[in-house]
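Presented below is the structure to which this report refers.
None of the figures in this text is laboratory data; all of them are computed from the coordinates on show. Predicted, not measured: the structure shown is a model, and the values here were computed from it. Here Cβ is always computed from backbone atoms with ideal geometry, including for glycine, and neighbour counts include all displayed protein chains.
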Amino acid sequence: MLQTSAYHLAGSDGPQLRSPTGYGTVPADDDAARFLSKRGFRLAQVDRISRLALPSDAEEPTPPPGYELLLWEGATPEDLVEGMATLHARMSTDPPLGQVDWNPEEWDAERVKENDARRGEDGRLWLTAAVRHVASGALAGFTDLSVPPEPDRPAMQMDTIVAAEHRGRRLGMLLKLANLHALDRLAPGHPAIYTWNAEENRHMLDVNEAVGFVAIGYESAWRRDG
């Protein structure tokens, strides 16, 4: 099996190819779509690429009862490493994958530390917002931003996850807004934030739209079996 991806601008009015998930389309007459279709690839999933113009006037968030907000720059605090390992592992299984073949990832404390060290090598600032369930002490979710040192370049919204057992409490909104305000305090001046989400991940797209993200393009995933 082979897998690949392609990028497409938003706003095409021509014929569309619909994702097998039922959510999202790409232009059927797009050069990449025609090229891949002729070579036996089929569309497996569509991700929306969204942009949030900065600065934002979003309100400072408040955690719901029973949860506390945690913020840090760079490496994960030692007492949160195990919890972050659990959430990183769930990032490979919980988000919608469409018909993309993706193996579950194994994460432990050592991998979290190695990942933190590697991310700090290129001069980018990493901002993480996490939320902890007070009664159990478990991390319920996190999001992180990758911020370039040049203030005229956009920041990138990377992983965002809320564990299934903690959903329905607007924790995704809490995390996004908290990191947005952290960016404004610690590295102001960047023009925008970019992010990617599967089109079938409707809840996270609703969160992004409420924050102010708008669609600017799409990334399509393709697979060819045999």
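Brief remarks on what is shown
- Annotation for the stretch 52-89: GluC sites (Glu not before Pro) lying in DSSP loop with at most 11 further Cβ atoms inside 10 Å of their Cβ are Glu59.
- Whole-Hz ³J(HN,Hα) from phi, Karplus 6.51 cos²θ - 1.76 cosθ + 1.60, for the stretch 19-30, glycine and proline x: 4, x, 6, x, 10, x, 9, 10, x, 5, 9, 5
- Euclidean distance between Cα centres, the stretch 87-152 to the stretch 6-58, Å: 25 Å
- Under 11 Å, Cβ to Cβ, from Leu69 - net charge with Lys/Arg +1 and Asp/Glu -1: -1
- Placed amide H near Gln16: partners under 5 Å, 5+ positions off or other chain: Ala28
- FRET E, pair Trp72, His203, Förster distance 22 Å, beta-carbon r, rounded to 0.05: 0.30
- Kyte-Doolittle at least -1.0, axis length at least 20 Å by Cα - qualifying DSSP helices, the chain: 171-186
- The Cβ shell under 15 Å around Ala155 holds other residues with a net charge of -1, Lys and Arg each +1, Asp and Glu each -1.
- Stretched out straight at 0.36 nm per residue, the stretch from Arg111 to Ile216 would grow longer than its current Cα-Cα span by 34.4 nm.
- The charge dipole of the stretch 55-190, taken about its Cα centre with unit charges on the Cβ of Lys, Arg, Asp and Glu (plus for the first two, minus for the last two), comes to roughly 380 debye.
- Length gained when the stretch Leu186-Thr4 is fully extended (0.36 nm per residue, less Cα-Cα span): 61.9 nm
- Seen from Gly11, the other residues with C-beta closer than 14 Å to its C-beta sum to a net charge of -1, counting Lys and Arg as +1 and Asp and Glu as -1.
- Modelled FRET efficiency - R0 30 Å, Val134 with Leu97, Cβ distances, 0.05 increments: 0.40
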